[in-house]
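> Encoded as structure tokens, here's the structure I'll be asking about.
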Amino acid sequence: MENLTNISVVKDILSRHGFNFSKSLGQNFLINPTVCPRIAELGNAKEGYGILEIGTGFGVLTCELAKRANKVVAIEIDSRLIPILKETLSEFDNVKVINADVMKVDLNQTIRNEFQGLKVSVCANLPYYITSPIIMMLLENHLPIESITVMVQREAGQRLCAKVGTRDTGAITVAVNYYATVTKLFDVNRGSFMPSPNVDSCVIRLDIHKDRKLSPKDEEFFFKVVKGAFSQRRKTLTNTISSSMAISKCDVSKALESIGISPSTRAESLTMEQFIKFSQSLQQVTSL
Ligand code: SAM
């Protein structure tokens, strides 16, 4: 197998295939040899598991996943990479590459068709331009997966791993924590990639909760409230919810007071439990 973390091997592939990196597709490929084995091991790539990978690049992480898991299905948007992957993944008969935009693939069906009898996890070095939409899409689709282990920009990682109810919290923190327990695994510096990005990265894991506290109807309203609550971070919850959801300030205050929260509170100081209670009391007060 070619060593895809060896710069001369990578340069040889680049020149033979006339490949040049696409900045707009977030193509920063891993060349630090220690990172992919760690992602694979911490991301459930092992006997009994099928791994869904998003964004293969030259296949450096795909190889480490394929060595350890029963099967890997890898989705890559850039068709220029397909002939390269035929070469770099040639020794594996347990990898299927799908040339598609992950946001347009029916992942529930893919998992049903490709991973019968296996537990499933997602592993990826995510393209940074679309990190949050991909994570939210994976969670909102209620996929039958155990975990999502992904490399993200370090700042995004901090936001995702923040404790709900602290200053670093954003709408994405609450949304992600609703579905999963989020853990930061390790930092990766910018020199680990080719080409090197302008930011450092980190690897995080989302362990999906097996049961949830709200019904689907509440869930939709809950997410509207969370999104609205963080739409103007500096304002009070009463003002942001009132303007973003077109609800009178009086009703928002009533909903907050009924669960013992001051109407002048800001979104970042609410815990997950308080968010859930607030969305329920707001729904009752407004009959929405
Ligand atoms: N896994 C490789 C590695 O670690 O070296 C590549 C990671 S690179 C940061 C992100 C990869 O995602 C690129 O290969 C890019 O072409 C691919 N990609 C970008 N947008 C995508 C999308 N919407 N769907 C699927 N793949 C995408």
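The values are calculated or read from the model by the stated rules, or taken from the named source; none is laboratory data. Please read these numbers as outputs of a predicted model, since none were measured by experiment. As a convention, Cβ positions derive from the backbone with ideal geometry for all residues, glycine included, and neighbour counts pool all protein chains shown. Only protein heavy atoms, including side chains, enter the accessible area calculation; ligands, DNA and RNA are left aside. Shrake-Rupley method; radii C 1.70, N 1.55, O 1.52, S 1.80 Å.
> Would you work out which of 138, 225, 202 lies farthest towards the positive end of the dipole of the chain? Charges go on Cβ: Lys and Arg +1, Asp and Glu -1.
About the Cα centre, the residue reaching furthest to the positive side is 225.
> Where only protein heavy atoms count, and the probe is 1.4 Å, what is the accessible area per residue for the chain in Å²?
47
> Report residue 257's accessible area, 1.4 Å probe, all protein chains in place, as a number in Å² to the nearest 10.
The value for residue 257 is about 120 Å².
> Using a 10 Å cut-off on Cβ atoms, rank the peptides 238-246, 105-113 from the highest mean neighbour count down.
Sorting 238-246, 105-113 by mean packing, highest first, produces 238-246, 105-113.
> Just how far, in whole angstrom, is segment 92-113 from segment 163-193 if you go by their alpha carbon centroids?
Measuring centre to centre over Cα atoms gives 26 Å.
> A follow-up question, please. Between residue 231 and residue 116, 0.36 nm times their residue separation minus their Cα-Cα distance comes to what?
37.3 nm
> Just how large is the dipole of segment 188-288 about the Cα centre, in debye to the nearest 20, putting +1 at every Lys and Arg Cβ and -1 at every Asp and Glu Cβ?
200
> What dipole magnitude, in Debye to the nearest 20, does the chain give about its Cα centre under +1 on Lys/Arg Cβ and -1 on Asp/Glu Cβ?
Rounded to the nearest 20 debye, it is 780 debye.
> Please give, to one decimal in nm, the separation of the simple spin-label points placed at residue 80 and residue 248, each 7 Å out from Cα toward the Cβ.
Placing both labels 7 Å beyond Cα along the Cβ direction yields 5.9 nm.
> Follow-up. When the distances between all Cα atoms of segment 221-280 are binned every 10 Å from zero, what whole-number percent does each bin get?
All Cα pairs considered, the percentages come to 26, 67, 6.
> Follow-up question, since we're still on this one. Could you tally the net charge around residue 235, taking each other residue with its Cβ under 12 Å from the Cβ of residue 235, Lys/Arg +1 and Asp/Glu -1?
+3
> Then there's this: Could you work out how far apart the two model spin labels at residue 20 and residue 142 are, taking each label as a point 7 Å from the Cα in the direction of the beta carbon, and quote it in nm?
Result: 4.7 nm between the two label points.
> Using a probe of 1.4 angstrom, how much of the accessible area of segment 1-150 is carbon and sulfur, in percent?
49
> Given segment 138-219 reduced to its alpha-carbon atoms as identical point scatterers, what log10 I(q)/I(0) does the Debye formula return at q = 0.12, 0.20 Å⁻¹?
Log-scaled intensity ratios, in q order: -0.40, -0.92.
> Counting alpha carbon pairs within less than 8 Å and at least 6 residues apart, what relative contact order, in whole percent, applies to segment 1-154?
24
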